[in-house]
Amino acid sequence: MSETKDRPYHHGDLRRALIETALAMLAADQNWTFTLREVARRTGVSHAAPYKHFRDREMLLRELARIGFVRLGEVMTVALSSDSASVREKFVAGAEACIDFALKNPGLYRLMFSADADKSADPALHDAAMGTFGILLRLLEEGQRDGSFQPVALSAQAAACWAQVHGLAMLAISGQLLEEKVGKEPVQAALNVLMEGLCREK
């Protein structure tokens, strides 16, 4: 684990301080192998202090993942906010925002979709993840209503779109979108192919 500057605890919001420290460690190392004891040390509190808010490491990891989904939802919402953009343009902007979020937060993004972020064990995490997924569903519904997107089962359409965008994000953060394999602009090219299948012929 790389060395990150200790973050001494000086204020009354211990829970927030622990979360901020853990997020900083996750960003620095791009993994979540740290212990609650290490988070406490980096925060500048006793080893027992985290247990006042997190009964175990897994509970802290689920909270980090929840924050990740909230932040992803926020950046996607901003990307879709143009009133003048077509549904197709909004979809591409949202997909690019998701992939950009993953590239800027690779450790957090991996955690969000890992087995350590067990959504069945945490209703708040589940709701955050579904809230972000709901952005995609609403966009697809809008596209079907105005005739831009194919009138197929929404669940199947959402699964196909999610799989491709998430797959691109994971390949991007893993450094697998190599030019010799997939060309100079693989994300844009892949999204163009996706849109050809998603949109109705005019």
Please find, among Glu96, Glu74, Glu89, the residue that is touching a helix residue (DSSP H, G or I) at 6+ places or on another chain (Cβ under 8 Å) and either open to solvent by 50 Å² or more (accessible area, probe 1.4 Å) or more than 22 Å from Ser174 (Cα to Cα) (or both).
Glu96
Residues of the range 131-148 being of a type in the set (D, E, K, R) and either open to solvent by less than 60 Å² (accessible area, probe 1.4 Å) or touching a residue at least 40 places away in the same chain (Cβ under 8 Å) (or both), which ones?
Glu142, Asp146
Test Asp122 against the stated conditions and say whether it is of a type in the set (Asp, Glu), open to solvent by 50 Å² or more (accessible area, probe 1.4 Å) and on the phi < 0 side of the Ramachandran plot.
no
Report whether or not Gln164 is open to solvent by 50 Å² or more (accessible area, probe 1.4 Å) and in a helix (DSSP H, G or I).
yes
Looking at the range 21-35 only, could you name the residues that are part of a helix (DSSP H, G or I) and open to solvent by less than 10 Å² (accessible area, probe 1.4 Å)?
Thr21, Ala22, Met25, Leu26
Matching option when the condition is in the same structural domain as Ala128 (by the TED database), open to solvent by less than 50 Å² (accessible area, probe 1.4 Å), in a helix (DSSP H, G or I) and under 19 Å from Leu171 (Cβ atoms), among Ala65, Ala102
Ala102
Residue tally, condition within 22 Å of the chain's Cα centre (by Cα) and among the polar types (S, T, N, Q), over the range 29-63
3
Scan the range 67-83 and report the pairs whose first residue is more than 12 Å from Asn105 (Cβ to Cβ) and whose second residue is open to solvent by less than 30 Å² (accessible area, probe 1.4 Å) and hydroxyl-bearing (Ser, Thr, Tyr), with Cβ atoms within less than 8 Å and a gap of 6+ or a chain change.
Val70/Thr132; Gly73/Thr132; Met76/Thr132
Does any residue of the range 94-109 turn out to be among the hydroxyl-bearing types (Ser, Thr, Tyr), free of Cβ contacts under 8 Å to residues at least 24 places away in the same chain and closer than 28 Å to Gly143 by Cα?
no
Quick check on my filter: what residues within the range 167-202 are open to solvent by 40 Å² or more (accessible area, probe 1.4 Å), closer than 20 Å to Cys98 by Cβ and not charged (D, E, K, R)?
Met170, Leu171, Ser174, Gly175, Gln176, Leu177, Val182, Gln188, Ala189, Asn192, Val193, Gly197
How many residues are open to solvent by 70 Å² or more (accessible area, probe 1.4 Å), of a type in the set (D, E, K, R) and part of a helix (DSSP H, G or I) if we restrict to the range 48-57?
1
Please verify whether the range 149-156 includes one or more residues that are in a loop (DSSP other than H, G, I, E, B), at pLDDT below 95 and on the phi > 0 side of the Ramachandran plot.
no
Please identify the pairs in which a residue from the range 34-53 that is basic (Lys, Arg) has its Cβ atom under 6 Å from the Cβ atom of a residue that is modelled with pLDDT of 90 or more and buried (at least 18 other Cβ atoms within 10 Å of the Cβ), counting only partners at least 6 apart or on another chain.
Arg42/Thr21
Residues of the range 186-202 satisfying the condition of being in contact with an Asp or Glu (Cβ under 9 Å, 6 or more places away or on another chain) and not polar (S, T, N, Q)
Pro186, Val187, Leu191
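The values are calculated or read from the model by the stated rules, or taken from the named source; none is laboratory data. Since this is a predicted model, take the numbers as computed values, not measurements. All Cβ positions, even for glycine, are placed from backbone atoms using ideal geometry, and neighbour counts span all protein chains on display. The accessibility values were calculated without ligands, DNA or RNA, using every heavy atom of the protein model including side chains. Shrake-Rupley method; radii C 1.70, N 1.55, O 1.52, S 1.80 Å.
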